[in-house]
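Since the structure comes first, as structure tokens, the remarks are kept for the end.
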Amino acid sequence: MENCVTGKVLEFLFFFLLLLLQQQCSSLQVTLPPFQSSLIGRDVLLPCTFRVDNPPVNPKFLALLWHFGDKEVLRYDNKGKVSSPRLFIDEKLILEGNVSLSLSNVTISDRGTYRCSVIYSPNTQQKEIRLHIHAVPEVGLAKRSVSKNQRAFLQCSITGFYPEPINVTWLRNGKLLPNSVLGPLQQNEDGMFQQDSTLTLTPSFTRGNPIYACQVQHESLPTPRQDSYKVQYGAVPDVVVAKRSLLKNQGTFLQCSMTDFYPQSITVTWLRNGKLLPNSVMGPLQQNEDGTFRLNSTLTLTTSDTFDKEEIVCQVQYKSHPQAR
Ligand SMILES: *[C@@H]1O[C@H](CO)[C@@H](O)[C@H](O)[C@H]1NC(C)=O
Ligand SMILES: *[C@@H]1O[C@H](CO)[C@@H](O)[C@H](O)[C@H]1NC(C)=O
Ligand SMILES: *[C@@H]1O[C@H](CO)[C@@H](O)[C@H](O)[C@H]1NC(C)=O
Ligand SMILES: *[C@@H]1O[C@H](CO)[C@@H](O)[C@H](O)[C@H]1NC(C)=O
């Protein structure tokens with residue numbers, strides 16, 4: 001407005017300069033925010049309003065243009081309205097100075113700069129607004145069991161996000177972990193991105209079931225999104241068979257020792273030449289300090305069992321249980 005005052009002072013002196021200044025302090029004022037954000041698939045409003053010094057607005061002198069990049073996408077003037085698909089403007093609000101543009105079912109290709117131009121003859125003003133597009137990542141951590149002293153990979157898939165910058169961190173019981181590797185960034189046909197992150201674990205046995213989480217930061221998310229998994233550790237038993245001949249006529253004593261396994265569910269069967277041998281005896285299940293278990297199974301064969309040339313097998317079935325959250 002200062003320019004207008006100055007303009008008045010100069011009025012008598014420089015008539016032509018006055019005309020220039022009047023254009024600068026035009027009686028038309030267009031207002032819009034510098035940018036707007038939208039999630040893919042939503043409808044978004046690109047706000048744009050204008051004000052004239054002497055309302056009401058006379059439609060005869062008014063024209064409105066919206067450009068996307070260099071392309072004209074909407075025009076409204078005293079001949080009517082021309083617009084592209086998915087674009088909408090509420091004509092009832094135009095004379096009130098609201099020329100906001102609605103864009104429905106936003107896609108990635110809609111991102112960019114839009115220009116709102118208002119012509120109120122003889123004045124013109126135009127301003128730009130940038131439309132940012134986001135798609136929220138899905139985070140999925142593959143659930144799997146992890147065995148003692150065996151290197152394992154936990155994989156986290158981050159899918160359907162836009163734009164590409166993304167931060168992936170891994171946590172164990174809430175504490176940050178190193179040793180994760182981001183896979184290659186991939187772009188789908190629809191323009192959305194996906195990426196994997198893999199964490200390498202070489203667990204020594206732990207009694208607890210730690211919770212591993214894959215945590216993702218993305219500009220579409222106000223707070224990080226994560227998927228977590230309570231790891232069920234497994235430890236494969238070591239199996240040793242011992243044979244001892246008993247005193248004369250009292251047969252042979254066999255012992256199958258299973259040590260350092262976890263969890264405790266285990267089944268033991270004795271086989272002679274592939275055939276089940278009954279009458280084995282399970283010892284008490286004992287737990288080691290680190291939480292793993294040990295167990296003995298014994299079998300006594302009588303002398304009448306001709307055992308030397310035969311194959312006796314202690315068969316141990318052990319299953320580590322992957323556990324869902
Ligand atoms: C302008 O119109 C749109 C509807 O097209 C409405 O959502 C918005 O609130 C209006 N803005 C102002 C400043 O009145
Ligand atoms: C939105 O756009 C997508 C892709 O362009 C299309 O598959 C979908 O049918 C559209 N949805 C609506 C409601 O128009
Ligand atoms: C990723 O982390 C860096 C450094 O901490 C931070 O500057 C950036 O904003 C983060 N990016 C996202 C998408 O959160
Ligand atoms: C298994 O038997 C051996 C002796 O042969 C013994 O030292 C060990 O403590 C036993 N283990 C269990 C779990 O009972």
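The values are calculated or read from the model by the stated rules, or taken from the named source; none is laboratory data. Everything numeric here is computed off the predicted structure, so don't read it as measured data. We place every Cβ from the backbone using ideal geometry, glycine too, and count neighbours over all the protein chains shown. Note: areas computed on protein heavy atoms with side chains; ligands, DNA, RNA excluded. Shrake-Rupley method; radii C 1.70, N 1.55, O 1.52, S 1.80 Å.
Couple of notes before you dig in:
- Heavy-atom accessible area order for ARG144, ARG151, largest first, 1.4 Å probe: ARG151, ARG144
- For MET282, solvent-accessible area (1.4 Å; no DNA, RNA or ligand), Å²: 100 Å²
- Heavy-atom accessible surface of region 138-230: percent carbon and sulfur, 1.4 Å: 46 percent
- For the listed residue pairs LYS230/LYS275; LYS60/LYS127; LYS148/LYS275, the alpha carbons are over 28 angstrom apart in LYS230/LYS275; LYS148/LYS275.
- Heavy atoms of CYS314: accessible area, 1.4 Å probe, square angstrom to 10: 20 Å²
- Estimated 222 nm signal from helices in the chain, with DSSP H stretches of n ≥ 4 weighted -39500 (n - 2.57), rounded to 500: -2000 deg cm²/dmol
- The value for region 138-230 of Rg(Cα) / (2.2 N^0.38 Å) is 1.13.
- Cα-Cα pairs of the chain separated by more than 23 Å (percent): 73 percent
- Taking all protein chains into account, the per residue accessible area for the chain stands at 59 Å² (1.4 Å probe).
- Counting only aspartates and glutamates at least 8 places from LYS71 when in the same chain, those with an alpha carbon closer than 19 Å to its own are ASP110, GLU128.
- DSSP-loop trypsin sites (Lys or Arg not before Pro) across region 228-304, with at most 14 other Cβ within 10 angstrom: LYS248
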